[in-house]
Amino acid sequence: MARRRDLHGQQERLSAATWAVLAEQGLPGLTLRAVAERAGCTTGMVLHAFADKRALLVHAREVLHDRTGVRADAAASTAGTPLDALRAVLLQAASTSAEKREEARVWIGFLAAALADPALAELHQRYNRSFVDRIGRLVAAVRPDWGRAACATAATTLVALVEGLNALAAVDPDTYGEPAQRSAIEAALARLNAG
């Protein structure tokens, strides 16, 4: 029993190290050695928990998906109107803080790796489609007069807006900081609500 707890603790430490390396150094810096150094352990310990770099990336993407899902659930559950819920979920997904910009850098690193790896691309598509579906349900609640196709188009547009802002803010937080992101999201929501 103690060995399982140790393994769980090691995985948590390695998970945090993987996240930090990917956020700080990007995909080129994500190596087993860099994760081991960050976690204060050997590369053998890293390999005991994660078979290879792909496993590190998958784990980072799963952590990101879980984190953002919990925040989206909380944001939607505390909002008043359907429009408020949509706004809250979009804003929680936007990189409006240092922590969220770090998440955006992890997302970008994973996306870059997914371009050349079909298994990583499939995982990215699954998680992204889950987000688009969530936004689509919220759009349908805001615009019950719209058909399925219109709601789907609005959802993909809103997700593209937020993810584009996240990518741009990861390298240019001065131009794409919180005020710019909020303004862009509010403008999109105003068009959605008026249309």
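Taking a ≥ b ≥ c as the square roots of the Cα gyration tensor eigenvalues, segment 1-72 comes out oblate, since a/c reaches at least 1.5 and a/b does not exceed b/c.
In percent, what relative contact order does segment 39-144 have, based on Cα pairs under 8 Å that are 6 or more apart in sequence? Mind dumping the intermediate values first?
Values: 63 pairs, mean separation 29.8, N = 106.
Reported relative contact order: 28 percent.
Peptides 100-107, 181-188 ranked from most to least packed by the mean count of surrounding Cβ atoms within 10 Å: 100-107, 181-188. When every Cα-Cα distance of the chain is counted in 5 angstrom steps from zero, the calculated P(r) takes the values 1, 8, 15, 17, 17, 14, 11, 8, 5, 3, 1, 0 percent.
Ordered by the count of other Cβ atoms within 10 Å of each Cβ, fewest first, THR43, THR18 give THR43, THR18.
Could you tell me which helices of the chain pass both thresholds, a Cα extent of 18 Å or more along their own axis and a mean Kyte-Doolittle hydropathy of at least 0.0, with helices taken as whole DSSP H runs? Don't skip to the answer; put the middle values down first.
On the way: long enough: 2-29 (35 Å, -0.68); 53-78 (38 Å, -0.25); 98-114 (24 Å, -0.02); 118-142 (35 Å, -0.03); 148-171 (35 Å, 1.35); 178-194 (24 Å, -0.15).
Length and hydropathy pass: 148-171.
Every read-out reported here was derived from the displayed coordinates using simple, explicitly stated rules and does not represent laboratory data. Being a predicted model, the structure only gives us computed values, none of them experimental. Glycine gets a Cβ as well: all are built from the backbone with ideal geometry, and neighbour counts include every protein chain shown.
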